[in-house]
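K.L.:
Have a look at this one before I ask anything.
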Amino acid sequence: MGAPCTLCPRECGVDRQTTLGACGSPAEILVSKAMLHHWEEPVISGTRGSGAIFFSGCPLKCIFCQNKDISHGGVGKGVSVSELAKIMLDLQKKGAHNINLVTPTHYSDKILEALKLIKGELKIPVVYNTSGYEKASEIEKIADHVSIFLTDIKYFSPELSKKYSSAPDYYEVARDAFSAMLKASPKCEYDKNGLMTSGVILRHLVLPSHRQDSISLLSDIASSFDVSKFKLSLMSQYTPDFYEGEFKELKRKLTSFEYESVLEHAICLGFDGYMQELSSSNKSYTPEF
């Protein structure tokens, strides 16, 4: 029998040896894909690609998720801790600029074990790529083995996060986790080629019809944290191709006005980082799983 799982903020408490957790995943590590990924921020993907490992399942399960085949569907191959460690080393051999752990939350304990196994062999940075719905205490446990935190903060409004992710506590939880990430990696640093070697990137996806929520979120972050200590990646890539529900506001793409008004606000608040062209709202940028 396994211990009750409390890795993510939902703390569902099930024995994932016998029952799927709120994340939709068993205790066994499920990996959907490992690849050289070229569609992250330029300081992560570089010229050779980021060594992305996509894990199956997700504690958040946003209804518009572009990776829903794995986050909702549980597509993946079971691997042991030692096999996961080998995948990381193989990506390093292939020239990956970093190891990019995509949706690692519900496997963070086993990922930590794998990173400890290869501590002397892994020479490239580790990127913790998360939805932001993390327990600060779990971030603190893995922090010594992570160089870069690539985290979403998706919503400010509890009503919105409840509506789209069944997580009314999302912003409060994500902000606490973000604070823990900044304490662990308080300065953005780069190598001679301009690739990030440590630091925090805060991603925010502007949703259609909800630019005011984005503006409120950025205002609160700017009043709570030193914006010079991290980079903002303001994303426009929402695509309705992955949404099949009934909320009409999610059945269209973002407008130029919506995105540019949020971008202007971010600039006024002093954020620095990365923006996207509206052409990134395209299904072709999502890997096949």
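K.L.:
Would it be correct to say that residue 57 is on the phi > 0 side of the Ramachandran plot, surrounded by 19 or more Cβ atoms within 10 Å (Cβ to Cβ) and out of contact with any helix residue (DSSP H, G or I) (no Cβ under 8 Å at 6 or more places or on another chain)?
P.N.:
no
K.L.:
So the check is Cβ under 6 Å with 6+ separation or different chains; which pairs have a first residue in segment 3-19 that's more than 15 Å from residue 133 (Cα to Cα) and a second one that's loosely packed, with under 12 Cβ neighbours inside 10 Å and modelled with pLDDT under 95?
P.N.:
What qualifies is 15/1.
K.L.:
Sort out which residues of segment 149-164 are within 16 Å of residue 218 (Cα to Cα) and either of a type outside the set (A, V, I, L, M, F, W, C) or not in a loop (DSSP other than H, G, I, E, B) (or both), and write them in order of number.
P.N.:
Across segment 149-164, the qualifying residues are 151, 152, 154, 155, 157, 158, 160, 161.
K.L.:
If you go through segment 92-99 one residue at a time, do you hit one that is polar (S, T, N, Q), at pLDDT 95 or above, crowded, with 20+ Cβ neighbours inside 10 Å and within 19 Å of residue 57 (Cα to Cα)?
P.N.:
No, segment 92-99 has no match at all.
K.L.:
State yes or no: is residue 88 crowded, with 21+ Cβ neighbours inside 10 Å, modelled with pLDDT of 95 or more and of a type in the set (A, V, I, L, M)?
P.N.:
When the stated conditions are applied, residue 88 passes them.
K.L.:
Are any of the residues in segment 5-13 under 14 Å from the mean Cα position of the chain (by Cα), in a loop (DSSP other than H, G, I, E, B) and crowded, with 20+ Cβ neighbours inside 10 Å?
P.N.:
Yes, the conditions are met somewhere in segment 5-13.
K.L.:
Another one. Could you name every one of the strands (runs of 3 or more DSSP E) located completely within segment 19-86 that has at least 2 residues being over 23 Å from residue 119 (Cβ atoms)?
P.N.:
It comes to 29-37, 77-79.
K.L.:
Given 223, 179, 216, which one is of a type in the set (Gly, Ala, Ser) and in contact (Cβ under 8 Å) with a residue 60 or more places away in the chain?
P.N.:
So the residue among 223, 179, 216 that is of a type in the set (Gly, Ala, Ser) and in contact (Cβ under 8 Å) with a residue 60 or more places away in the chain is 216.
K.L.:
If residue 233 satisfies all but one of (1) polar (S, T, N, Q); (2) farther than 23 Å from residue 66 by Cα; (3) under 19 Å from the mean Cα position of the chain (by Cα), what's the number of the condition it fails?
P.N.:
Single failed check for residue 233: (2).
K.L.:
If only one of 173, 200, 146 is modelled with pLDDT of 95 or more, surrounded by 14 or more Cβ atoms within 10 Å (Cβ to Cβ), more than 29 Å from residue 120 (Cβ to Cβ) and in contact with a helix residue (DSSP H, G or I) (Cβ under 9 Å, 6 or more places away or on another chain), which one is it?
P.N.:
None of the others qualify; the one that does is 173.
K.L.:
Here are some conditions: (1) out of contact with any His (no Cβ under 9 Å at 6 or more places or on another chain); (2) within 30 Å of residue 144 (Cβ to Cβ). Residue 195 meets all but one. Which one does it not meet?
P.N.:
So residue 195 meets the others, but not (1).
K.L.:
OK, next. Pick out the one residue from 180, 222 that is part of a helix (DSSP H, G or I), of a type outside the set (Asp, Glu), touching a helix residue (DSSP H, G or I) at 6+ places or on another chain (Cβ under 8 Å) and at pLDDT 95 or above.
P.N.:
Checking each option against the conditions leaves just 180.
K.L.:
Okay, next question. Among the residues of segment 242-262, write down those that are in a helix (DSSP H, G or I) and closer than 18 Å to residue 165 by Cα.
P.N.:
242, 248, 249, 250, listed by residue number.
The values are calculated or read from the model by the stated rules, or taken from the named source; none is laboratory data. Values in this document were obtained by computation on a predicted structure and should not be read as measured data. In this analysis, Cβ positions are derived from the backbone assuming ideal geometry, glycine residues included, and neighbour counts consider all displayed protein chains.
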